Each structure stands twice: as structure tokens, then as C-alpha cells.
Amino acid sequence: MKRPPLNRRLAEFGTTIFAEMSALAAGTGAINLGQGFPDTDGPDEIREAAVRALRDGRGNQYPPGPGVPELRTAIADHQRERYGLAYDPDAEVLVTAGATEAIAASLLALVEPGDEVIALEPYYDSYAACVAMAGGTRVPVTLRPHAGAYVLDLDELRAAVTDRTRLILLNTPHNPTGTVLTRAELTAVAELAVERDLLVVTDEVYEHLVFDGAEHVPIASLPGMRERTVTIGSAGKTFSFTGWKVGWITASPELTAAVRSAKQFLTYVSSGPFQYAIAEALRLPTAYFDTLRADLQRKRDLLGDGLRAAGFEVYRPRGTYFITTDITPLGEKDAHAFCRALPERCGVVAIPNSVFYDDPDAGRSQVRFAFCKKDDVLIEAGSRLRRLAS
Ligand SMILES: *Cc1c(COP(=O)(O)O)cnc(C)c1O
């Protein structure tokens with residue numbers, strides 16, 4: 001073969017870090033705090049709802065392209081009851097194969113080759129790959145540590161907008177930093193989007209995982225934003241069924257139709273029986289969401305305490321189930337080398353944040369740990385990591 005098999009658009013991406021680190025975990029028997037999936041399944045009654053749908057023959061054949069009506073109605077009700085956002089389940093809701101497909105379809109549909117896409121850096125790894133597949137140019141705006149947490153510099157965001165900017169790809173609560181953008185920050189982003197006539201695609205898969213009384217504000221709810229925003233949600237993180245791959249978008253009829261045009265040629269449809277189960281999950285009583293949040297906040301503190309005792313600098317997340325740390329106080333400099341050696345040294349797997357940046361030097365000393373694990377696993381991980389302190 002004269003040419004390498006992988007095309008130029010994707011050549012820089014290789015295998016994801018999660019595959020590399022999960023393989024390390026499997027090979028060494030280490031505790032895997034790398035990839036963000038819970039080690040406990042979601043509610044029994046939702047699992048049973050999926051079994052029932054499967055047995056009753058609901059969703060075993062291709063479901064409707066936009067998603068089953070029961071789920072689209074449940075999504076619309078969820079947006080209205082939680083955020084006062086009214087969407088028509090027929091024209092303004094689209095079910096996707098997880099948020100991952102929603103991100104891909106949105107970017108493939110909305111971005112022309114040459115368009116610039118602003119994304120908050122460090123970013124979720126699929127963003128850069130999907131911008132590249134769409135032929136766009138990514139323009140990172142970097143969140144930086146300030147007073148123990150990561151913050152968005154609004155002046156930097158404003159300065160990043162050019163005449164070629166097509167859209168801002170937001171993510172709040174933000175993976176990997178745990179930053180939850182405030183109403184004031186989002187209002188400034190919204191004003192910029194309106195002033196410069198930009199679209200916003202906002203990844204809100206962690207909308208229910210916010211701590212310390214933080215409020216999740218969908219940017220679509222701010223003035224002038226409903227008609228220019230694609231909001232992405234997912235059942236995976238909220239209901240602890242990451243393998244089911246049920247995600248969705250809510251947007252204006254025009255934007256929804258555009259995203260559907262791309263989505264229909266990616267998977268067409270997916271997750272038939274699971275769609276019925278998630279329709280029920282979205283109608284769980286408030287107590288479910290409150291307990292989820294309280295449990296995760298406790299787990300955050302459990303792992304955070306363990307990491308601090310082991311000598312890491314810990315950035316306190318106000319959302320998601322990740323903690324970003326700095327390894328400089330441990331006398332370490334290179335997060336990638338540190339994470340490669342960690343399973344052998346301590347029996348723990350983590351992710352180097354450098355993979356979430358364009359500039360390999362940025363985030364060089366930062367490491368991400370997931371805390372969506374059983375309490376005893378988090379306690380054990382903490383005590384293993386304390387070997388670093390001695
Ligand atoms: C996990 C995750 C996704 C992917 O969600 P799926 O519904 O599993 O496809 C998207 N965005 C962010 C920020 C995530 O952490």
C-alpha cells in the first residue's frame with residue numbers, strides 16, 4: 001500500500017487514551033479510575049422496564065428515525081419541568097446513539113469545511129475528532145486553574161471569535177475539570193453568540209451531577225438562545241446505564257432537521273427497547289436525582305480526601321464524576337509517564353489530562369480520576385495512592 005490506511009483528517013487521533021489505560025488496568029488488576037463509567041448499574045425498575053420492552057416486542061425492530069414517541073415526549077417534559085424550556089416532541093427532539101452520536105451528527109450537519117469551532121479546553125476527546133471529520137478547524141479556549149478550580153476567561157473567549165467562527169461547542173458541567181458554568185458566565189457567552197450570530201452546541205450530559213448546591217443552567221434558556229442552540233443530553237451518566245447508549249438533542253425545528261439529516265446516515269436508529277426504559281427513567285421522582293447527587297458528592301469528598309492525603313493538589317469539581325489533580329507537589333512533572341507507571345507503582349489507573357489539550361505542554365502535570373465507583377473501591381484507591389506520599 002502506497003498510502004497509510006487512516007486518512008489525514010483522523011491520523012492525529014490514533015487510539016483513545018481510555019482504551020490504552022483500560023487495557024493497562026485489565027493487564028495489571030489495578031483499580032480503574034480512568035474511564036468514567038459507574039461500577040454499579042442504575043435503578044432495578046429501569047432495568048426491568050427494558051426487559052419488559054424486550055419481552056413485549058417493543059423496540060426489537062427499527063424504531064422510528066427520530067426516536068420512539070414515548071421517549072421524545074418524556075424528554076420534552078423533562079426540559080419543560082426542569083428548565084421551563086418548551087420543545088415540541090415531534091419537531092424539536094431527536095433521539096441519538098448516546099451523546100456521542102449527537103455530537104458527531106451536530107458537527108457534521110452544522111459545520112462547513114473551513115468553519116471554525118470554538119471548544120472549551122481541556123475537552124472531551126470526541127470533540128476534536130468530530131470537528132476534524134466535519135472538515136472544521138478547532139479553536140480551543142482554555143479553562144485555567146484559579147483559586148482551586150478551573151475557570152473560563154470570557155475575554156479569551158471573545159477574542160477567539162473571528163469571521164469564520166460558526167459555532168461554540170460548550171460543555172457544562174465540564175469533563176474533565178468539573179467546572180459548572182454560572183448563570184453570569186453563560187449569559188456572557190449567550191450575548192456573544194447573539195452579537196456574532198453564532199450557533200451553540202452544548203453538551204449537558206452531566207446536567208444532574210452538580211454539587212454544593214450548584215445550579216445547572218441550560219444556555220438554551222437564556223434570551224436569544226433557543227433558536228441558535230442544540231442541547232445534547234444522555235441517559236448514560238444520569239441513570240448509570242452507559243452501555244445502553246441513549247442520547248438526544250433538543251433544538252428548533254430547523255436545527256433538529258439539520259442534525260437528523262446527518263444522524264440518519266450514521267446509525268439511522270439504535271437502542272430500541274432501551275428507549276422505552278429511559279422514557280420511564282426520565283419520569284423517576286425527584287428523590288432519585290437528589291440521592292444520585294448526594295451519593296456522588298460524598299464519593300467526590302471520599303476520593304478527594306484520599307488524593308489530598310496522598311499529596312496531590314486537588315481541584316474541587318462542582319459537577320461531573322471526575323476530579324482533576326496536579327502531580328507537581330509529588331515531585332512529578334509528566335502526567336503521561338506518571339499514569340503509565342501508576343498501575344505498577346500503586347495498582348491504580350488514571351488519565352493524563354494532556355490528552356484533552358491541543359498543546360501537549362498544557363495540562364502536562366494534570367491527572368484525572370473518576371469517582372463513580374463503590375465507596376470501598378475509592379477508599380482502597382486512596383490508601384494505595386498514599387504509598388506515593390512515603
Ligand atoms: C460520557 C460523555 C459523553 C458520551 O455520552 P454517551 O451518551 O455515552 O455517548 C459525551 N460528552 C461528555 C462530556 C461525556 O463525558
Next on the checklist: Using a Debye calculation, one point per C-alpha and no hydration shell, please list log10 I(q)/I(0) for the chain at q = 0.07, 0.10, 0.11, 0.13 Å⁻¹ in order.
Outcome noted: -0.31, -0.65, -0.79, -1.12
Checklist outcome for this item: Applying the gyration tensor rule to the Cα atoms of segment 307-370 (axes a ≥ b ≥ c; rounded if a/c under 1.5, else prolate if a/b exceeds b/c, else oblate), the class is rounded
Checklist entry - Cα extents of segment 143-288 along the three principal axes, largest first, in whole Å? => result 46, 38, 24
Checklist entry - In Å², what does the accessible area per residue of segment 287-357 work out to with a 1.4 Å probe? => result 37 Å²
Checklist outcome for this item: If one builds a Gaussian network model of the chain from Cα atoms under 10 Å apart, the most fluctuating residue listed among Ala30, Ala190, Ala220 is Ala30
Checklist entry - Put +1 on the Cβ of every Lys and Arg and -1 on every Asp and Glu Cβ in segment 239-381; which of Ser365, Ser271, Ala341 then has its Cα farthest towards the positive end of the dipole? => result Ser271
Checklist entry - For the chain, what % of the accessible area comes from carbon and sulfur atoms, probe 1.4 Å? => result 51 percent
Checklist outcome for this item: segment 157-235 and segment 336-361 have their Cα centres apart by a whole-number Å value of 28 Å
Checklist entry - Roughly how compact is segment 74-207, stated as its Cα Rg over 2.2 N^0.38 Å to two decimals? => result 1.06
Next on the checklist: Which of rounded, prolate or oblate describes segment 106-147 when judged by the alpha-carbon gyration tensor and an a/c cut-off of 1.5?
Outcome noted: prolate
Checklist entry - Which value, in Å², gives the accessible area per residue of segment 38-111 when a 1.4 Å probe is used on the protein heavy atoms? => result 44 Å²
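Where does each of Glu81, Glu204 land when they are ordered by accessible area, with a 1.4 Å probe and the largest first?
Heavy-atom accessible area, descending, gives Glu81, Glu204.
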Checklist outcome for this item: Cross-link reach from Lys373 to aspartates and glutamates, straight Cα distance under 16 Å and at least 8 residues apart if same chain, gives Asp39, Asp41, Asp295, Asp301, Asp305
Checklist entry - By a straight-distance test (C-alpha under 19 Å), which aspartates and glutamates pair with Lys333 as possible cross-link partners, with residues fewer than eight away in the same chain excluded? => result Glu313, Glu344, Asp358, Asp359, Asp361
Item to check | 16 Å Cα-Cα reach of Lys245 towards lysines, excluding residues that sit fewer than 8 places from it in its own chain | outcome: Lys237, Lys263
Next on the checklist: Let me spell out the model: positive unit charges on the Cβ of Lys and Arg, negative unit charges on the Cβ of Asp and Glu, origin at the Cα centre of segment 57-109. What dipole size does that give, in debye rounded to 20?
Outcome noted: 120 debye
Checklist entry - Using +1 on the beta carbon of Lys and Arg, -1 on that of Asp and Glu, and nothing else charged, what's the dipole of segment 242-384 about the Cα centre, debye to 20? => result 300 debye
Next on the checklist: Looking at the chain as a GNM with Cα springs under 10 Å, which of Gly331, Gly319, Gly136 has the largest mean-square fluctuation?
Outcome noted: Gly331
Item to check | Lys245 long-range amide H proximity, modeled H, under 5 Å | outcome: none
Item to check | Residue-averaged [θ]222 nm for the chain, counting only DSSP H segments that reach four residues, each worth -39500 (n - 2.57) | outcome: -12000 deg cm²/dmol
Next on the checklist: For a protection proxy built on the mean count of beta-carbon atoms within 10 angstrom, sort 338-346, 281-289 highest first, please.
Outcome noted: 338-346, 281-289
Checklist entry - Counting Lys and Arg as +1 and Asp and Glu as -1, each charge on the Cβ, what is the dipole of the chain about the Cα centre in debye, to the nearest 20? => result 880 debye
Checklist entry - Within the chain, which complete DSSP H helices have Cα atoms spanning at least 27 Å along the helix axis and a mean Kyte-Doolittle hydropathy of -1.0 or higher? => result 286-309
Checklist outcome for this item: In segment 83-222, taking the dipole from +1 charges on Lys and Arg beta carbons and -1 charges on Asp and Glu beta carbons about the Cα centre, the listed residue (Ala119, Ala97, Phe211) farthest towards the positive end is Ala119
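The values are calculated or read from the model by the stated rules, or taken from the named source; none is laboratory data. All values derive from a computational prediction rather than experimental measurement. Don't worry about glycine lacking a Cβ; one is built from the backbone with ideal geometry, like all the others, and counts go over all protein chains shown. Areas reflect the complete protein model, heavy atoms only, side chains present, ligands, DNA and RNA absent. Shrake-Rupley method; radii C 1.70, N 1.55, O 1.52, S 1.80 Å.
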